[in-house]
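*Asks:* Okay, here's the structure, questions in a sec.
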Amino acid sequence: THHFIELAQIYLDANDLNRAVKVCEIGLKTHSTNLDARYMLAKLYLLTNQLSKSEQFLSKSLNQNLISNKMLKLFIEIRDSLNRSPHETKKIADKLLESQSDDAFANRWLHQYQTLQQAKSSTKSKNESTFKINQNIISYTFYNVLKKQKYYTQAELVLNMLESSNRINSKIYKEEHQQLSKLLNS
């Protein structure tokens with residue numbers, strides 16, 4: 001009967017989660033398009049600490065185009081808690097925004113995603129400016145070139161290499177190191 005969801009809700013209210021799961025699974029065999037029952041089953045999997053099973057079920061529902069907005073939100077939350085690829089999760093958030101462009105949850109998630117991507121790209125660009133320093137080219141002149149071109153991290157590395165190989169006066173090293181520290185922290 002299509003009233004199976006009501007029985008599942010009774011079991012859920014009584015905190016008999018295993019029976020509620022069983023009722024939903026059996027009911028969905030004959031009424032597979034019931035979105036409320038699909039949402040309830042995904043939520044029940046979550047409540048019984050079966051996050052991966054809930055994720056798989058929601059993924060299958062999405063592929064079959066048997067998914068509601070609240071199921072999409074639950075899917076996003078589960079993927080986030082399982083540390084899944086934010087890039088793939090963005091596709092789910094985009095699908096939610098297709099059907100409801102003013103959805104606060106999806107817009108907030110998308111804003112956090114974009115902030116994370118911007119942070120990653122700025123970190124990536126900083127890392128791209130680094131390069132390996134060959135021991136044979138270490139000199140005070142090379143240090144000054146790096147400092148002048150604002151490669152402060154690399155300049156600090158060269159300065160430390162100069163100091164460890166006794167190629168720089170300790171007084172000059174201390175002065176330069178202080179300057180670099182200020183530049184790196186600004």
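The values are calculated or read from the model by the stated rules, or taken from the named source; none is laboratory data. Everything quoted here is computed from the prediction, not taken from an experiment. Cβ atoms come from the backbone with ideal geometry, glycine included; neighbour counts cover every protein chain shown. Please note that ligands, DNA and RNA were not included when accessible areas were found on the heavy atoms of the full protein model with its side chains. Shrake-Rupley method; radii C 1.70, N 1.55, O 1.52, S 1.80 Å.
*Asks:* Identify, please: which residue in segment 147-156 is touching a Ser or Thr at 6+ places or on another chain (Cβ under 9 Å) and in a helix (DSSP H, G or I) and is, among those, least open to solvent (accessible area, probe 1.4 Å)?
*Replies:* Of everything passing the filter in segment 147-156, Q154 is least open to solvent (accessible area, probe 1.4 Å).
*Asks:* Tell me which residues, restricted to segment 63-78, are more than 20 Å from the chain's Cα centre (by Cα) and open to solvent by less than 40 Å² (accessible area, probe 1.4 Å).
*Replies:* L66, I67, S68
*Asks:* Another question about this same structure. Just one of the numbered conditions (1) surrounded by 15 or more Cβ atoms within 10 Å (Cβ to Cβ); (2) touching a residue at least 12 places away in the same chain (Cβ under 8 Å); (3) of a type outside the set (G, A, S) is not true of Q50; which one?
*Replies:* (2)
*Asks:* Kindly indicate whether any position in segment 74-81 is closer than 23 Å to T1 by Cα, free of Cβ contacts under 8 Å to residues at least 40 places away in the same chain and assigned to a helix (DSSP H, G or I).
*Replies:* No: zero hits.
*Asks:* Scanning for something out of contact with any His (no Cβ under 9 Å at 6 or more places or on another chain), outside any helix (DSSP H, G or I) and open to solvent by less than 50 Å² (accessible area, probe 1.4 Å), does segment 93-105 turn up at least one residue?
*Replies:* yes
*Asks:* Looking only at segment 168-178, count every residue that is under 14 Å from Q154 (Cα atoms) and of a type outside the set (D, E) and tell me the total.
*Replies:* Result for segment 168-178: 1.
*Asks:* Taking only pairs six or more apart or across chains, which ones have beta-carbon atoms under 6 Å, a first residue in segment 1-12 that is modelled with pLDDT under 95, and a second residue that is assigned to a loop (DSSP other than H, G, I, E, B) and not aliphatic (A, V, I, L, M)?
*Replies:* Partner pairs satisfying both residue conditions: H2/H31.
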